[in-house]
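Note sheet for the following structure.
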Amino acid sequence: MKAAVVVEPTKIEIQDIEVPTIKANEVLIKVKTVGVCGSDLHLFKGTHAFRKPPAILGHEIAGEVVEVGPEVTKFRIGDRVTVEPHIGCGECEFCEKELLNLCTGKKAPGVPGWIGTFSEYFNAPEDIVYKIADDISYEIGTLVEPLAVGIHAIERITVPEKDTIAILGSGTIGLLTLVAAREAGYKNIICTDTQPFNLEMAKKQGAILALNPLEDDVEAKIKEFTNGRGVDVAIVAADAPGIIDQASSIVRKRGEVGIVAMITKQIPVDTYSFVFNEISLFGAMTYETKDFEKASQLVNEGLDLSDFITQRVPLEESQKALDILNEKKENVVKVIVEVDK
């Protein structure tokens, strides 16, 4: 079968590899569509924390079950599915608490022992596989995984008020966090981004304010909108220098700042406002199973995410897919790689 392999930083080759042999508790999925994620870009550029070239790209997937192991009971051949792409060690304190996202021994696609999803076939244990409704397209089913990231960020919030939330960065995860906040009942959602296209997308999805930090005084406009109080929560979904300080400057006293962006380089942070205003800071690492279940349910119930799919390319042009995301020379939110139409 064909697979897209990052052979060295910024270089992808389409290689022929063996179709995975499934275990007794696994299903084999004929991959239909995969999404290009920011973490794939880290692998592509050679900056990912644990996925290093050579490695197969991808973890966002939708496809069709073509083989089931003898112990599989939930699925049959022909089922349309997506996958929660991590497997915990099953022994640590975090696995015992069903926090697979925090398991230090977890396995993810694209690491030794498990292929990435930029391949014609993909294997997964049945307990992390989810059905896609018959009336939901494969490409929308692919968005269950990144939507779960946004849902987890919102679920991590402990401030009870749902009056005003700011999302700093309106790329794929920022926009899907907007969707998660909207579905969770936040009344006023404010988004920022430096790309006009992303800001228009945010407004289309329900943002009451869409601000460009290169042109707008974000702190002043948010303080004006909230009558000087500040937002209840700010979610950081981008890695711009100074963005943590910007977040703390717009949050009310005893509000919260959450970081969902994978910021891999050090950035300076002024801690004074956190102390002076008793602001809490939290991180949001991918998702828990309950978040993935909620994302799957929302998508299967017809949540419209079609606007977020901005480019489609075949597997053979995976290099182009990563170049689009890396160079940002065109309007882009989510690039879908069509493995099998």
| query | Whose amide H sits under 5 Å from the amide H of Gly46, counting only residues 5 or more places off or on another chain, with H placed in the peptide plane? | reply | Thr10
| In the Gaussian network model of the chain, springs joining C-alpha atoms below 10 Å, which of Asp217, Asp323, Asp127 carries the largest mean-square fluctuation? | Asp217
| Value of relative contact order over the range 26-163, rounded to a whole percent, pairs C-alpha under 8 Å and six or more apart | 31 percent
| request: For the range 182-193, just list the computed ³J(HN,Hα) in residue order, Karplus coefficients 6.51, -1.76 and 1.60, θ = phi - 60°, integers in Hz, with x standing in for Gly and Pro. | output: 4, 5, 7, x, 5, 6, 10, 10, 10, 10, 10, 5
| request: Mind listing the long-range amide H neighbours of Gly110? Cut-off is under 5 Å, sequence gap 5 or more, other chains count too, H placed in the peptide plane at 1.01 Å from N. | output: Ile115, Gly116
| Using alpha-carbon pairs under 8 Å, 6+ residues apart, how would you state the relative contact order of the chain in percent? | 18 percent
| task | Compute the Kirkwood hydrodynamic radius of the chain, taking the inverse of the mean of 1/r over all pairs of distinct Cα atoms, and give it in Å to one decimal. | result | 20.5 Å
| request: Would you list which aspartates and glutamates come within 14 Å of Lys203, measuring only between C-alpha atoms, while excluding same-chain residues fewer than 8 positions from it? | output: Asp193, Asp307
| task | Would you please put 148-156, 38-46 in order of how densely packed they are, using the mean number of other Cβ atoms within 10 angstrom per residue and starting with the highest? | result | 148-156, 38-46
| query | Lys265 to Asn331: extension gain in nm, 0.36 nm per residue of separation minus the Cα-Cα distance? | reply | 21.2 nm
| Relative contact order [Cα under 8 Å, 6+ residues apart], the range 250-313, whole percent | 36 percent
| message | Please enumerate, by chain and number, the lysines with C-alpha under 18 Å from the C-alpha of Lys265, excluding those fewer than 8 residues away in the same chain. | response | Lys45, Lys52
| task | Compute the separation of the alpha-carbon centres of the range 36-94 and the range 140-162 and state it in Å as a whole number. | result | 19 Å
| query | For the range 2-19, in order, what is each residue's ³J(HN,Hα) by Karplus, 6.51 cos²θ - 1.76 cosθ + 1.60 with θ = phi - 60°, in whole Hz (x at glycine and Pro)? | reply | 8, 8, 8, 10, 7, 8, 7, x, 6, 10, 10, 10, 8, 10, 8, 10, 6, 5
| field | Listed residue (Val333, Gln319, Val5) projecting farthest to the positive dipole end of the chain, Cβ model | value | Val333
| said: Please compute the per residue accessible area over the chain with all protein chains in place, 1.4 Å probe, rounded to a whole number of Å². | reply: 45 Å²
| task | Would you mind checking which residues have amide H under 5 Å from Gly255's amide H? H placed 1.01 Å from N; only 5 or more apart, or other chain. | result | Ser280
| So what J values fall out for the range 23-36 if you push phi through Karplus, 6.51 cos²θ - 1.76 cosθ + 1.60 with θ = phi - 60°, rounded to Hz, Gly and Pro as x? | 7, 4, 9, 10, 10, 9, 10, 7, 6, 9, 9, 9, x, 8
| note | Cα-based Debye curve of the range 37-171 sampled at q = 0.10, 0.11, 0.17, 0.19 Å⁻¹ gives log₁₀ I(q)/I(0) of -0.40, -0.49, -1.11, -1.29
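Report the extension gain between Lys23 and Lys162 in nm, rounded to one decimal, defined as 0.36 nm multiplied by the number of residues separating them, less their alpha carbon distance.
That pair, Lys23 and Lys162, stretches by 45.5 nm at full extension.
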| Excluding same-chain residues fewer than 8 positions from Lys204, which lysines have a Cα within less than 24 Å of its Cα? | Lys162, Lys187, Lys221, Lys223, Lys294, Lys328, Lys329, Lys334
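The values are calculated or read from the model by the stated rules, or taken from the named source; none is laboratory data. Since this is a predicted model, take the numbers as computed values, not measurements. Cβ coordinates were reconstructed from backbone atoms using ideal geometry, including for glycine residues, and neighbour counts include every protein chain displayed. Remember, those area values only see protein heavy atoms, side chains included, never the ligands or the DNA or RNA. Shrake-Rupley method; radii C 1.70, N 1.55, O 1.52, S 1.80 Å.
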